[in-house]
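Reading through the structure tokens given below for one structure.
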Amino acid sequence: MLQQQTKEFIRYIRHERRYSEHTIRAYEADLQDYSEYIHETYGSIGLKDHTHNLIRSWLSFLLDKGLTAKTVSRKITSLKSFFKYCIQNGFIENNPTAKLQPVKIPQRLPDFVQEDEMKKLFSEFNFSEDYSSKRDHAILNILYGTGIRVFELVNLQVQDLNLHQCSLKVLGKRNKERIIPVHEELNEILRKYLLYRTAFISDNESIKAKDWLFLSNKGNKTYPKLIYNIVKSHLEQVTTRGKKSPHVLRHTFATHLLSHGADLNAIKELLGHSNLAATQVYTHSSIDQLKSIYEQAHPKGK
């Protein structure tokens, strides 16, 4: 079993590499799954006895179980990081994952909401004059207006919003900080929301989570499931698309920027991507849109 080395590795990525808790839990689960498979299949073996073929048998087992290529690829990444750590710390001399090839993942275009549907969401849907409605309206606008991730949203504090400079400070993956510009309409929506937020706190003296920008109806810090429910319930009013999650609004933000001529590198910085490859997926959506327009408009395209 790899319990001791796994504990040390998890401690390393948490305190030294400062990975997000979501990533840490995924790594921990992947290593636990691997360790259990090895123990059940090959018995108790030492760290130096883990070989390329042994790891390949685990990956084959996962694929036979029906796990997706994306999930298996993530598990490969977890193992590679773990054994690299073991090499660096002198636990082993040879890396059994060195020759592992990534599983080919079928390219899937990001889901996004059409512009006319987004206009319906903000222009035709009635938001009541109360705190929760104003909060939901502000959340939807900030997700679509900035493209931030769910965990970035729930961790926003009031001090991160600069209404005077029309900007938002966001703490992204691996604690990387970035400043996102906020357009005037969104800036005004957030300004009005803060007035309702202040009144909401004044009417509820027991509220302790006063630093967080968005609060639940009970006055606590918001959480991903709440944000998901807010987005889903509102998007159901304007679109029939299958996925109706906060991440769809992130995809929508990027796709709409690109379709209106935004530079890909600028979109990369706004989204907080570490490399351009992650951002380039949106070019496919833009190309599909151009093809559709071409086929409808060009005499030879029909």
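The values are calculated or read from the model by the stated rules, or taken from the named source; none is laboratory data. Here the structure is a predicted model, which is why all the values come from computation and not from measurement. Here the Cβ is made from the backbone with ideal geometry for all residues, glycine too, and neighbour counts use every protein chain on show. Just the protein is used for accessible areas: all its heavy atoms, side chains included, with ligands, DNA and RNA removed. Shrake-Rupley method; radii C 1.70, N 1.55, O 1.52, S 1.80 Å.
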Point to revise | Per-region count, region 134-156, residues open to solvent by 20 Å² or more (accessible area, probe 1.4 Å) and touching a Phe, Trp or Tyr at 6+ places or on another chain (Cβ under 6 Å) | key: 3
Study note, to complete from the structure: Screening I267, I201 for residues that are under 24 Å from I180 (Cα atoms), surrounded by 12 or more Cβ atoms within 10 Å (Cβ to Cβ) and at pLDDT 90 or above leaves only I267
Check your understanding: Going through region 157-166 one residue at a time, which ones are surrounded by fewer than 17 Cβ atoms within 10 Å (Cβ to Cβ) and either small (G, A, S) or under 16 Å from L270 (Cα atoms) (or both)?
Key -> C166
Exercise for review: Please list, ordered by first then second residue, the pairs with beta carbon atoms under 6 Å, 6 or more apart or interchain, first in region 138-158 and closer than 18 Å to Y196 by Cβ, second among the β-branched types (V, I, T) and surrounded by fewer than 21 Cβ atoms within 10 Å (Cβ to Cβ).
Suggested key: A138/I189; I139/I230; N141/I189
Check your understanding: In this structure, does K169 turn out to be open to solvent by 90 Å² or more (accessible area, probe 1.4 Å) and either in contact with a Pro (Cβ under 9 Å, 6 or more places away or on another chain) or under 27 Å from I13 (Cβ atoms) (or both)?
Key -> no
Exercise for review: Restricting attention to region 126-164, report how many residues are farther than 18 Å from P224 by Cα and part of a strand (DSSP E or B).
Suggested key: 2
Review point. Just one of the numbered conditions (1) under 15 Å from the mean Cα position of the chain (by Cα); (2) free of Cβ contacts under 8 Å to residues at least 60 places away in the same chain is not true of H247; which one?
Key: (2)
Review point. Quick check, is G301 of a type in the set (G, A, S), over 17 Å from G172 (Cβ atoms), open to solvent by less than 40 Å² (accessible area, probe 1.4 Å) and modelled with pLDDT of 90 or more?
Key: no
Practice item. Scan region 7-49 residue by residue and report those that are outside any helix (DSSP H, G or I) and under 19 Å from R74 (Cα atoms). Key: R17, R18, Y19, S20
Practice item. Test E177 against the stated conditions and say whether it is within 25 Å of F112 (Cβ to Cβ) and not hydrophobic (A, V, I, L, M, F, W, C). Key: no
Check your understanding: Going through region 173-209 one residue at a time, which ones are under 22 Å from Y144 (Cα atoms) and hydroxyl-bearing (S, T, Y)?
Key -> Y193, Y196
Review point. Do any residues in region 70-90 that are within 15 Å of H52 (Cα to Cα) and in contact (Cβ under 8 Å) with a residue 60 or more places away in the chain have Cβ atoms under 7 Å from those of residues that are part of a helix (DSSP H, G or I) and open to solvent by less than 10 Å² (accessible area, probe 1.4 Å), where the two are at least six apart or on different chains, and which pairs are they?
Key: F82/F9; F82/L31
**Study point:** Qualifying residue in region 199-211 (condition: of a type in the set (K, R), free of Cβ contacts under 8 Å to residues at least 24 places away in the same chain and either under 16 Å from K134 (Cα atoms) or in a strand (DSSP E or B) (or both))
**Key:** no
Check your understanding: Looking at (1) among the charged types (D, E, K, R); (2) surrounded by fewer than 16 Cβ atoms within 10 Å (Cβ to Cβ); (3) at pLDDT below 95; (4) over 24 Å from S233 (Cβ atoms), can you tell me which one R191 breaks?
Key -> (3)
Point to revise | Filter pass, S60 being out of contact with any His (no Cβ under 7 Å at 6 or more places or on another chain), farther than 30 Å from P224 by Cα, open to solvent by less than 60 Å² (accessible area, probe 1.4 Å) and small (G, A, S) | key: yes
